[in-house]
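S.K.: Mind looking over this structure? Questions follow.
Nothing in this text is a laboratory measurement; each read-out follows from the coordinates by a stated rule. The model shown is predicted, which means the values in this text are computed figures rather than measured ones. No Cβ is skipped: glycine too gets one built from the backbone with ideal geometry, and neighbour counts run over all protein chains shown.
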Amino acid sequence: MTTTPRSSSRPLFAGLLALGLVTGLSACTGAPSSAAGTADAGLGSRWGACMRSAGFSVEDPSDDQIRSGTITSPSGVDQDRFRSAADQCAEDLGVHGADSASKEKWIREYDQVASCIRDAYPDFPEQRPGVIEWDREEYPPAGDPAFQQRADECTRKYSPDTKTQSVG
């Protein structure tokens, strides 16, 4: 599964990122099984507690966000440090990485999403493989509701499994 953030100071389509960790291909994901749904109840609160212990001010995500990998970082944090802590917390909770076929699918989908966004916003920045992210301070058009509408339309068209999430 992937993610499409709505209003935030640092929205991000975490797509490829299994723990929605804002960057890279080193992610954890997987669709929850019905057995996993009850077995990992409380994942979100445990992950949130782990991240707060690592020094990050985060709210507890839902258990489904942990299992599906749709966690995004708060704005203004050291992304590498956040990713490292989130990876460690996920590992401690037994959340495992996505397979390479899923990663390749997400890369293709998000390349198409970014291209679609650029049809309306030609200056939309180049993206890392499998991730679409922007910071409204660095890319002011992202604060326009029309931009978010375009991003949502492109995501529905080219990455229909993407879930929507508010961050920030």
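S.K.: Taking the highest mean first, how do the peptides 105-115, 119-129, 75-85 order by number of other beta carbon atoms within 10 angstrom per residue?
M.R.: Values: 105-115: 19.5, 119-129: 13.4, 75-85: 15.4.
Going from most to least packed, we get 105-115, 75-85, 119-129.
S.K.: Label-point separation (nm) for ASP144 and ASP80, each offset 7 Å from Cα along Cα-to-Cβ?
M.R.: 3.5
S.K.: For region 80-141, rounded, prolate or oblate, judged on the Cα gyration tensor with a ≥ b ≥ c (square roots of eigenvalues), a/c < 1.5 rounded, else prolate if a/b > b/c?
M.R.: Numbers: a/c = 4.28, a/b = 1.60, b/c = 2.68.
Taking the square roots of the gyration eigenvalues as a ≥ b ≥ c, region 80-141 is oblate.
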